[in-house]
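Here's the structure we're looking at; comments come further down.
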Amino acid sequence: MKVLLLCDDYWHPGNIPVEGVKPLESKGFEFDVIFDGNDIKAEMLSEYPVILLCKSGEITPEDKDSWKTAQMQQAFIDYVENGGGILAVHNSTVPGKHTEAMDTMIGSRFVYHPLANPVTVQPVKPHPITKGVEVFCEIDEQYRLEILADDIDILTASYSPAQGDPEKYEEDPYSNTRAWICPAGYVRTQGKGRICVLTSGHLLPVWQNEQFLKTLENALNWCKGD
């Protein structure tokens with residue numbers, strides 16, 4: 001299956017997902033990679049049954065302008081509604097100043113995360129995406145999401161322990177946070193298309209984890225419609 005992989009921004013080097021998906025090439029996946037947001041063209045989207053979105057709105061790590069123009073956001077919405085699939089991983093949920101249309105289509109937006117710490121991800125519902133997937137734990141950023149769509153179907157949940165001094169939580173929530181259980185993976189549909197969101201994936205060992213790779217493989221197939 002040909003997959004368009006969009007990646008690379010200031011906080012999330014593109015080499016991590018590029019290296020992370022290499023084991024899936026032996027499973028029949030072929031990844032065409034775009035790093036520069038200026039190289040994403042609306043007319044190319046329909047060439048791919050699934051887009052693996054691992055990129056926030058920055059054009060490049062150096063160019064903080066957004067590639068998610070109103071026209072490009074609409075192109076992605078049209079792509080999904082016409083039957084395309086999107087697997088949105090980790091930082092792809094980070095919103096921009098004017099990305100409401102695409103955020104709503106994805107179904108959530110990133111709010112914040114504590115410092116990287118041991119994050120446990122567990123399937124919570126039988127689904128083709130969680131088939132054969134077991135609990136795993138890796139050092140990662142546990143994303144807190146604002147849910148924007150009322151039809152999301154949560155498939156996996158994440159847990160990370162409390163950090164730092166609880167009395168300082170309001171002062172510095174990134175470093176001092178309560179223990180949380182959060183959605184880590186969900187699906188939704190829009191028009192004829194399928195969308196899956198996975199919040200794990202900040203560091204390469206997460207991508208190399210056998211259980212995360214199995215989740216990715218299942219999700220790519222599900223988003224295609226298999």
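Full extension of the chain segment joining I181 with K2 gains 61.0 nm, where the gain is 0.36 nm per residue of separation less the Cα-Cα distance.
Note on region 6-93: antiparallel DSSP beta bridges, both residues inside, total approximately 20 percent of the bridges counted. Model label sites at Y169 and E47, defined 7 Å from Cα along the beta-carbon direction, differ in position by 4.9 nm. Of all DSSP-defined beta bridges confined to the chain, some 60% are antiparallel rather than parallel. A straight chain from E81 to N15 at 0.36 nm per residue would run longer than the Cα-Cα distance by 20.8 nm. If you take all other residues with their beta carbon under 15 Å from the beta carbon of S200, and give Lys and Arg +1 and Asp and Glu -1, the sum is -4.
What's the longest piece of the chain with no exposed GluC sites (Glu not before Pro), counting a site as exposed if DSSP puts it in a loop and it has at most 16 other beta carbons within 10 Å? That would be 63-133.
Taken along the Cα-to-beta-carbon direction at a fixed 7 Å, the label points for T104 and D153 span 2.3 nm.
Computed over the chain, the per-residue total of -39500 (n - 2.57) for DSSP H runs of n ≥ 4 gives a 222 nm mean residue ellipticity of -5500 deg cm²/dmol, rounded to 500.
Rule-based calculations on the coordinates, nothing more; no lab input. Quick caveat: nothing in here was measured; it's all calculated off a predicted structure. Cβ sites come from the backbone with ideal geometry, for glycine too, and all protein chains shown count toward neighbours.
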